[in-house]
Amino acid sequence: MRPDFPCRAADTAFRMVDGEMIVVSASGSNIIGLNETGALVWEMADGSHSIEEIVAAVCATFEVEGEMARRDVFGFVDELEAEGLIEPVAEVTSA
Amino acid sequence: MSDPANGVRAFSGGARQLNIPVHALVELTHRCNLRCFHCYVDPDERPELSTEEVISLLDQLADAGTLFLTLTGGEITLRRDLMKIVEHARDRRFAVRLFTNATRLDEATIDRIAQLRVFDVSVSIYGASRQTHDRVTRVPGSFVRSTTAMRLLHERGIVTRLKCVLMADNYGERQGISDLADELGAIAMFDPQVTVRNDGDATPITHRLDDDTLAEIVLNERVHGDVPAETPTCAAGRDTVSISPSGIVNPCVQMPFPLGDLRSETFEQAWNSPRARKMREITFGRLSACAACEDASYCNPCLGMNLLETGDATRPSSSVCRVARARRRGVMA
C-alpha cells in the first residue's frame, strides 16, 4: 500500500555523489543511484511531506505536467517501498 | 545487482575515477585494552581529535561525498564520546561500520547501536578457543567478553562480522573459528595478510603463515587480466581515505603518506593537496619492477605495504608478492 506521507526507511544511508543520489540500506542488498528527480523525491520523503506535495515539487522544479509527474512519483514510491527503502504503511486494526 | 559487494565495487569504480572519498576509515583512538602481538598500529603520539573536531570532520566528509564510514581504533569504546559520534554520523546519513574487539560493549550500548541502525559491527576474534584467542590478545578473559557481546549483537539484529587474521598461531583452528562464527550468528571473514607495523617494525610478520600453508587457502585465480598502464593500482587516496586519531589524513590506513593535517587545514585542502595529486599519479605503469613478473595477473598491488616495507610505494612488498605467488599455486576453485 502506497503511503500518503512517504518516509525513508530508518536503516538507509545516502549521499549525493557527483550529481547522483546514492542510497544504500543496511538490511537490503542493493546500492541504487537516483537521478535528479529521484533525488528530489528521496529528499522530501522524510514523513513530513505528503505524496501530493512531492508531486507538486516535481512539477515546479522540472516543469513537467501534473498527471505525468503524479504517475512517475507514485510509481517511483511504489518501487522504493518494494525495495524496502520506504517505511511500509502501518496496518490499522480495529479494536 | 544481487551481490551487495558487486554493487559497492561498481559504485566505487565511478567514485575512484572522480577522486571522491566514498569510503572513509576514521581511527578514533590508538588506545587499546588488548595487546595483540600482530597489531599493525604505531600509536599516534599527538592528542586525539576532540569530540567537536571529530564532528566537524564528519561534516566535512559528508560534504566531500563519503557514504561508508568505518570507525575503528585502537579500541573505539575507549572513547567516552563514541555514541555521540555514531549518533552524529547517522544524523548525517553515513552507512556506519564499527570495528571493535567488543570486550567493553555493554547491553545498553548494543541497544543504542541497534536503534541507530549501524550497518554492521566487525569483531576481531583470533581463535576458536579461549586459550588461543587470549594468547594472541595477551589479555585473559578477552575471548569470553568478546563472544558474549557478539551473541548480544546478533540477538539485537545487528549484522555482525567475525574478523580473523589467520596466522601460524591459529591456523589449526580455522574450521573451529568458522563454526564459532555460525554459532554466534556472525559472518566469518578470514584474512591471511599479516603486515608490518605502521612504523616499519617487522615483528608482526613473524606470525604469518608459511608459503605452503598460504597456498592451501587461497584460490588459484587470476585477479585481473592485462592492465593498461594508466590504471590506478588501488583505491587508496582515490575513493578511500583514512584519518588518524590526531587528524592526519592518509590515503589508506596502511599507507602512512600524510596528505594533510586537520589541525591546520580542512579535509578538502588535504584531499586535494599536491601530495594527494602526486600519489594519484601512481598507476600500474609506474610499477616497473612488477611489469615482467610471472605472478602479475595474480597480484593486487598494495602501495601502502610497498611503502612500509621498502620505503617506496612503487617497489613491491614481499608480503604482497608471496600472496600473488600463493594464488598462482593455490587451490583450484
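The set of residues from the range B:58-113 being assigned to a helix (DSSP H, G or I), under 19 Å from residue B:142 (Cβ atoms) and out of contact with any strand residue (DSSP E or B) (no Cβ under 8 Å at 6 or more places or on another chain) comprises B:78, B:107, B:109, B:110. Checked against the criterion of being within 19 Å of residue B:321 (Cβ to Cβ) and either modelled with pLDDT under 95 or buried (at least 18 other Cβ atoms within 10 Å of the Cβ) (or both), the candidates B:221, B:173 yield just one match: B:221. Of the residues examined, residue B:191 is one that is surrounded by fewer than 21 Cβ atoms within 10 Å (Cβ to Cβ) and within 23 Å of residue B:32 (Cα to Cα).
When A:60, A:13, A:69 are screened for being of a type outside the set (S, T, N, Q), in a helix (DSSP H, G or I) and either within 14 Å of chain B (Cβ to nearest Cβ) or in contact with a Cys (Cβ under 7 Å, 6 or more places away or on another chain) (or both), only A:69 passes. Taking the range A:24-46 as the range and being touching a Gly at 6+ places or on another chain (Cβ under 7 Å) and either more than 14 Å from chain B (Cβ to nearest Cβ) or not polar (S, T, N, Q) (or both) as the test, the residues that pass are A:28, A:31.
Taking the criterion of being under 25 Å from residue A:52 (Cβ atoms) and part of a strand (DSSP E or B), the residues of the range A:17-39 that qualify are A:21, A:23, A:32, A:34.
Criterion applied to A:81, A:20 was being under 30 Å from residue B:158 (Cα atoms), acidic (Asp, Glu), out of contact with any helix residue (DSSP H, G or I) (no Cβ under 6 Å at 6 or more places or on another chain) and more than 14 Å from chain B (Cβ to nearest Cβ), and the one residue passing it is A:81. Being crowded, with 23+ Cβ neighbours inside 10 Å, within 14 Å of chain A (Cβ to nearest Cβ) and under 19 Å from the mean Cα position of the chain (by Cα), is that true of even one residue in the range B:99-112? No - not one qualifying residue is present in the range B:99-112. Based on what the data block shows, is residue B:239 of a type in the set (Asp, Glu), touching a residue at least 24 places away in the same chain (Cβ under 8 Å) and either surrounded by 15 or more Cβ atoms within 10 Å (Cβ to Cβ) or under 26 Å from residue B:69 (Cα atoms) (or both)? Yes; evaluated as a whole, the condition is true for this residue.
The values are calculated or read from the model by the stated rules, or taken from the named source; none is laboratory data. Model, not experiment: these values are computed from the prediction. When we count neighbours, we look across all protein chains shown, and the Cβ atoms used for this are built from the backbone with ideal geometry, even at glycine.
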